[in-house]
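Since every read-out is calculated from the coordinates, none of them should be taken as a lab result. None of these values were measured; they are calculated from a predicted model. Using ideal geometry, Cβ is built from the backbone for each residue, glycine included, and neighbour counts are taken over all protein chains shown.
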Amino acid sequence: MNKDQFLLAVEGLTVSFDGFKAVDDLSFYLDPKEIRVIIGPNGAGKTTVLDLICGKTRATSGSIRFRGKELTKMKEHQIVHAGVGRKFQNPSVFEDLTVFENLEVSYPEGHTVMGSLAFKRDTAVMEAVEEVAGTIFLKDLLDQPAGLLSHGQKQWLEIGMLLIQKPDLLMLDEPVAGMSVAERRQTAELLRVITRDHTVLVIEHDMQFVGDIADRVTVMHQGKVLSEGSIEHVKNDPKVIEVYLGH
Ligand code: ADP
Ligand code: MG
């Protein structure tokens, strides 16, 4: 098997916290442009997997290969630079800035002058902001302070702040938590659009949402892969019903 045919190849990944293996010999592989959803009971190790991929937590052993690079040896900012974007569970937008400004400061070339906000709004930035704002359903709210957005809109804005950096892999931890049914549906639509240009790794509990978006589903339990395949496959897997869906 040529591992570099995958966008991401996680192999034998393990992390121990004081002897407790939160992630235990985990392996999975993402194809380019795939949407993969990780599901599993609380404490299964899902968030820890994202922490390991983005370099927030160091692996005890195992390998994470991303476009031919070994991420376990890299620092967080190098991993971002390599093309991995990660959204945490709670939205963290700049509440006092407008939607436009939130996207503008997230534009990669803006980073050197971030803080002053005085950098020039050249055409490339303006176009990128407008394109992303359209994708995340906030085109008509560009001048609105982010603090006035609904919870769901803040989640979309934060996704937009990642998108504007053009990551190859986008990782989202429970993106529809706290969203209305209508917002969930729109988010599913959003992810479908995003996956035309990006590979997406999502952690989610809402099985309706998972069914709407997932190409494949990886079920985790006690730090390991319990089951993997299509939503239909994992839904009907007796092991999955026993530890997760049956509750
Ligand atoms: P999930 O996201 O599937 O609910 P987590 O990955 O957050 O699960 O957590 C998996 C297990 O690892 C939990 O038992 C949690 O308490 C433990 N854990 C996660 N991060 C740490 C850490 N930094 N130190 C110690 N234990 C941790
Ligand atoms: Mg979690």
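The protection proxy used here, the mean number of other Cβ atoms lying within 10 Å of each residue, ranks peptides 5-14, 31-40 as follows, highest first: 31-40, 5-14. In this simple spin-label approximation, Asp215 and Lys33 carry label points 7 Å from Cα along the Cα→Cβ vector, and these lie 0.8 nm apart. By the rule of a C-alpha distance below 12 Å, with chain neighbours fewer than 8 residues away ignored, the aspartates and glutamates paired with Lys46 are Asp24, Asp173, Glu174, Glu204. The mean sequence separation of alpha-carbon pairs under 8 Å and at least six residues apart, normalised by the residue count of the range 202-247, gives a relative contact order of 26 percent. Between Thr195 and Gln5, the modelled label-to-label distance comes to 2.1 nm, taking each label 7 Å out from Cα in the direction of the beta carbon. Of all the options Asp51, Asp237, Asp18, the one that moves most in a Gaussian network model of the chain with Cα springs shorter than 10 angstrom is Asp18. For the range 132-233, just say rounded, prolate or oblate: build the C-alpha gyration tensor, square-root its eigenvalues into a ≥ b ≥ c, call rounded for a/c under 1.5, and beyond that prolate if a/b exceeds b/c, oblate if not. Note, shape of the range 132-233 comes out prolate. Taking amide H as placed 1.01 Å from N in the peptide plane, Val23 has its amide H under 5 Å from the amide H of Val15, each at least 5 places away in sequence or on another chain. Its relative contact order, with pairs defined as Cα atoms under 8 Å and 6+ residues apart, puts the range 3-245 at 27 percent.
Which entries of Lys21/Lys235; Lys87/Lys154; Lys33/Lys73; Lys21/Lys87 show an alpha-carbon separation above 20 angstrom in the structure shown? Beyond 20 Å: Lys21/Lys235; Lys33/Lys73; Lys21/Lys87.
Give the calculated FRET efficiency between Glu131 and Lys239 to the nearest 0.05, with a Förster radius of 41 Å applied to their Cβ-Cβ distance. Walk me through the intermediate numbers first.
Values: r = 43 Å, r/R0 = 1.05.
With R0 = 41 Å, the Cβ-Cβ based efficiency is 0.45.
Full extension of the chain between Asp122 and Ser180 gives 17.3 nm of extra length, using 0.36 nm per residue less the Cα-Cα distance. Size estimate for the range 191-247 follows the Kirkwood approach: the inverse of mean 1/r over distinct Cα pairs works out to 12.1 Å.
Computed from backbone phi with θ = phi - 60° and the Karplus coefficients 6.51, -1.76 and 1.60, the 3J(HN,Hα) list for the range 23-39 is 10, 10, 6, 8, 9, 7, 9, 10, 7, x, 6, 7, 9, 10, 10, 9, 10 Hz; x is used for glycine and proline.
Fraction of C-alpha pairs exceeding 34 angstrom in the chain: 17 percent, rounded to a whole number.
Here the label points at Asp96 and Lys166, each 7 Å from Cα along the C-beta direction, are separated by 3.2 nm in the simple model. For the range 3-245, a simple Cβ point-charge model (Lys and Arg +1, Asp and Glu -1, everything else neutral) yields a dipole of about 620 debye relative to the Cα centre. For the set Lys166/Lys239; Lys56/Lys166; Lys75/Lys239, the pairs lying more than 26 angstrom apart at their alpha carbons are Lys166/Lys239; Lys75/Lys239.
Between the C-alpha center of the range 178-230 and that of the range 59-90 there is a gap of 20 Å.
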